[in-house]
Amino acid sequence: MNRRCGKKMLALLAGMLALGVPVPGECVSLSLQDAIELALTRNTELRITQKGEDSADAAYRRAKGQNGLSASVSSSVTTSKQEGSEHSAAWNNGLNASLPLYSGGKNQANIESGELGVKVAELRTARNRENLKYNVIEAYYDALASEQVVAVKREAVENYQAHYDNVSQLFSAGSKARVDVLRSSVELSNAQYELISAQTAHAAMLATLRNYLNIDRKEPLTLTTGYSYDGFSMPLENCVDYAFQHRKDILVDVYTVEQKELAVKVAKAGYLPSVNLNAGPSLNFELRPGSSRTPGISAGVSASWNIFDSGVTKAQVDSAKTDLEVAQLTLDRDRENVDLALRQAYFTMRAAEDQLRSTRDAVGQAEEDYYIAREKYRAGEGIMLDVLDAQKALSEARLQHIQAQYDYVTGKAAVENAMGISLTDREQAAAEQLSLKVALPSDVAPNTQLLKQSFEEEKRQRAKAKEQFSEQVEKDLERVTQETSSHPAVRTGEEERMVRSQEAALAADEAAGQRKEIAE
């Protein structure tokens, strides 16, 4: 698929899915880049992560609001009667505005922590996008590799079938023993079994890819980006240095340490006083014994200082300091994990790169060996074991070469992901189109009303079957009673067994119905 066609296909597919329109069941040609961009606009896990940005923004706005102006309205009606005085009643109303003047640094620290929280949420979303890109690359290449494995297994079946036909003809001509026919038949059966397993694995790989793309799970796909070698020249230590500077989860840990430092300040603010400015008008009405209206206004500064709290503040400070130490250790641990994961991915990539060269030569040699063994056997100069061994060696060589190819490309993607390489501008633009309210595909978002109707219909059918069963048992009981009327002892035994059978069947049916209802 050329680039222009690919863009049109991706735009059409994404647009139809975004509008909830079912995509036609025809096979969709999908390049690797199209798959990455489609996943960035559709993936459910990414939508969940991005919701964290909304939560962080709300927490930041809440922290800012706690340091701003607040107003409250109050209204009360009171009545009293004291000995020697008349009954009195009053209606008091007031509006009070409050502004924090000093909080011991608590409000300012919470605001700074909220700002860091917004950055942390954005970084987590960005890192999740990078991980999604890698997962799509891995799933795409796994599907391609499994497709080629199927092709190798199918060719092996065809070769074994041709060999079996050849042996059968030679046996019919009397030049080969029956044991050769049996052995070739067994090898053919084994090859067919392996082909079925490979086809199943390929279907599972495509299902994984569809899940990342969040498209119709039954959508036929044609993957158009084949294997291509793209060298990687950056030395390992440079990759590690780059990762420490660009891994967004490492930066999340750095910001988390800063947040915990601010949390210690918040806890220590409990040792300091707080000062608030208060002002507001009031309007009071005297209802009894007379009637009057008294407006007023008040303003003032209030201060409070908790001078003793039985060690509560100290415990809060100690807890905050412990959380800070944990955050610092988490940063160190994550740096170590990043270093280890990157080195493992780098060594795996280099090993696959070396295996590419050796397996490429092995395939050519195995093809030549199989041709020689087959022709010698046809000419009556070789034995069947040589042909079978050569065919097995050829299949293994091809499979190893396929594995090495896709181990390299996925290994290279793993190295780039471990380094924290950001999305391209095109991918970033696709990610910005992520809709947080996209309807799920029809096959994974069943109609709830239809489900309820199905359950109700199944309940009615169970009740009807239960009633029919009871009627049948009563008829059988009546028949047995009539047939054994001349033998009281027999009649009693038959009736007892029939009644017990009916009771057991009804109890089993009721238990099954209850389990079904609980499951529903």
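Nothing in this text is a laboratory measurement; each read-out follows from the coordinates by a stated rule. Fair warning: this is a prediction, and the values are worked out from it, not measured in the lab. All Cβ positions, glycine included, derive from the backbone under ideal geometry; neighbour counts span all protein chains shown.
With both labels modelled 7 Å from their Cα along Cα-to-Cβ, the E325 to N67 distance reads 2.9 nm. With the simple spin-label model, which puts each label point 7 Å out from Cα in the Cβ direction, the A177 to A90 separation comes to 12.0 nm.
Legend: residue pairs K51/K133; K268/K321; K51/K268, Cα-Cα distance threshold 21 Å; pairs beyond threshold, K51/K268. The radius of gyration of the Cα set in segment 192-328, together with its Dmax, comes out at 33.4, 105 angstrom. Measuring r between the beta carbons of T44 and S74 and using R0 = 60 Å, the FRET efficiency lands at 0.80. In segment 47-141, the inverse of the mean reciprocal separation of distinct Cα atoms equals 18.2 Å; this is its Kirkwood hydrodynamic radius.
When Rg and the Kirkwood Rh are both derived from Cα coordinates, the Rg/Rh ratio for segment 138-207 amounts to 1.20.
Calculate the tail of P(r) for segment 230-294: the fraction of all Cα-Cα distances greater than 14 Å, expressed in %. Here the tail beyond 14 Å accounts for 79 percent of pairs.
Summarising the overall dimensions of segment 150-257 from its C-alpha atoms, the Rg and Dmax are 25.5, 84 angstrom.
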